[in-house]
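What follows is a single structure, written as structure tokens, with notes after it.
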Amino acid sequence: MDQKWISVFFLLSAVCDVSTYAPHRYHFVDERKTWTEAQSYCRQNFTDLATINNMDELKKLNEAVKDKSVMVWIGLKKATWQWSLQDGTVYREGQSYNSWNTGEPSSKPGEEMCGQLSGDGSWNDDDCNHLFPFVCFEERSSSYVFINDFKSWHDAQSYCRKNHTDLASVRNQAENVKIKEAAKGKTVWIGLFRVFWKWSDQSYSSFWNWKQKQADISSGKETCGYIVMTDGGYWSNENCETKFPFICYESKNSTYILIKEAKSWYDAQSYCRERYTDLVSVRSQTENQQILDSAKTSVNDSLWIGLFYNSWKWADQSASLFRYWASAQPDNCGNQNCTAVFMAEQGRWHDMNGNSQLPFVCHESQLILINQNLTWREALRYCRDNHVDLLSVHSEEIQLWVKEVSPKASTELVWLGLRHTCTQDFWYWVSGFSICYENWAPGNGTGGEDCSPVERTGAVQARGGQQWVSLPEDQKLNFICTTYED
């Protein structure tokens, strides 16, 4: 690339204030379907039922729906159970198959939070501390391994992850039968666990440290979590507007930072995100103790952590804190586990029974994986001739989109629109964005690139950590195009 274009990109790269979210393209479908039927239609013809991350996207969705008197399905649904094996392309939440026993699941948050498979193949929820044998999944041989050793659910999960792949997950009746046969008629733990609470970074964990009878939302407002310093580090929950000191996490050096100034949970979250990475998440008893140790100088017994109550999730698995409920919604009247936009109420949301027949809005993925092996320059030309450009990953949200499409690649690495200039020794996106968000694999993207005999370009790992790597541009890989203008 000549000096003129390098200078242009350098000027364009000066601005880093880009949106957290890539834009969505919405399609209104004026056919009346149940929520499940609407989701199937969207997945067959577009990407999924619509997700909405902010008011700008809500405005775009409202523009897509011309009839302002209708209610339309969107992709928000109650989502309270997860599989321990988190493969977003295989074990996607929202699979239609389940094998719950009559009257199950029956628990309240904080009580029976883990799933077991009985001798007849039905599922029950139970206290995670109870001891049962368990079934592991072995990915290398696609087999199920029965472990006739009585353990708690968390200990069973640790055993499976250490010695095999994970606790067994179930996608269909055939897999359920195989696990039942492997268990030889015994009641066993499987990889099902209940999620009502998430972390501020939008992740969730199967580790909990609630004090007994905590995590209840008795008044509907105790939706943020804090750690109790004088009570063995147990967690409790409180109104998010209450002001506590808090603990931030800095991912670059894996440190915890105690902030002694009392703030509401949301103000604490903003403070941590502006100065560090986020409010702290807790994945294990070891991390819980490390947080306690780092906060010994606090004068307050209660400290906000990054835990918040959110039992609603988007159908395409994307994460967002944005909600636009109508007054007194969601009211959980009956089996109202799905969400509709009421156009006559300025697009406000209502929880609805998923069997209701409504039109709906789909969203279309704007990333396309091309399963052809081309050099970086050839891939760039292909994307510009047939779509818009090679993909620029300028936010964490777009990186999450990459994680959805890249595992389908036939190569271990996939080209991105990343390029290095040896003349001025910096990396840039071919779309003109500066590299504000980074996800480099260790030892990559640090500068001082070897430019002989060809320029260096950037690719993403198709699987695993899906981090970025530096490669010579003449290697041949699959690649990801974008179909939207930034």
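The values are calculated or read from the model by the stated rules, or taken from the named source; none is laboratory data. A quick note: this is a predicted structure, and the numbers were derived from the prediction, not measured. Positions of Cβ are generated from backbone atoms using ideal geometry, with glycine treated the same way; all protein chains shown enter the neighbour counts. Surface accessibility is based on the protein's heavy atoms, side chains included, excluding ligands, DNA and RNA. Shrake-Rupley method; radii C 1.70, N 1.55, O 1.52, S 1.80 Å.
You can think of it this way: the chain between Thr102 and Gln357 has 89.1 nm of extra reach, that is 0.36 nm per residue less the Cα-Cα gap. Solvent-accessible surface of the stretch 260-316, taken per residue with a 1.4 Å probe and all protein chains present: 45 Å². The angle between the Cα long axis of helix 55-64 and the longest principal axis of the Cα atoms of the chain comes to about 80 degrees, rounded to the nearest 10. Each 20 Å bin from 0 upward holds the following percent of the Cα-Cα pairs of the chain: 21, 52, 27, 1. Restriction of the trypsin sites (Lys or Arg not before Pro) in the stretch 119-166 to DSSP coil positions whose beta-carbon has at most 12 other beta-carbons within 10 angstrom yields Arg140.
Calculate what fraction, in whole %, of the accessible area of the stretch 386-486 sits on carbon and sulfur atoms when a 1.4 Å probe is rolled over the protein chains. Accessible surface attributable to carbon and sulfur in the stretch 386-486 totals 46 percent. By the rule of a C-alpha distance below 12 Å, with chain neighbours fewer than 8 residues away ignored, the aspartates and glutamates paired with Lys260 are Asp301. Accessible surface for Tyr41 stands near 60 Å², nearest 10, in the context of the full protein assembly shown (1.4 Å probe).
Accessible surface comparison of Trp208, Trp83, Trp35, probe 1.4 Å, protein chains only, largest first: the order is Trp208, Trp83, Trp35.
Bridgeable lysines around Lys77 (alpha carbons under 19 Å apart, same-chain partners fewer than 8 residues away excluded): Lys33, Lys108, Lys198, Lys313.
In loop segments of the stretch 393-454 as defined by DSSP, the GluC sites (Glu not before Pro) with at most 15 further C-beta atoms inside 10 Å of their C-beta are Glu412, Glu438. Sparse packing (at most 15 other Cβ atoms within 10 Å of the Cβ) combined with a DSSP loop state is found for the following GluC sites (Glu not before Pro) in the stretch 234-286: Glu241. Taking Cα atoms only, the orientation of helix 173-183 departs from the longest principal axis of the chain by about 60 degrees. Charges were assigned to the Cβ only: +1 to each Lys and Arg, -1 to each Asp and Glu. The resulting dipole of the chain about its Cα centre is roughly 480 debye. For Glu473, neighbours were defined as the other residues whose beta-carbon sits under 12 Å from its Cβ, and their charges (Lys and Arg +1, Asp and Glu -1) total 0. Residue ranking by accessible heavy-atom surface, 1.4 Å probe, largest first, among Trp312, Trp265 comes out as Trp312, Trp265. Solvent exposure of the stretch 319-438, expressed per residue, is 40 Å² of accessible area, with all protein chains present and a 1.4 angstrom probe. The candidates Ile190, Ile435, arranged from most to least accessible area with a 1.4 Å probe in the full protein assembly, appear as Ile435, Ile190.
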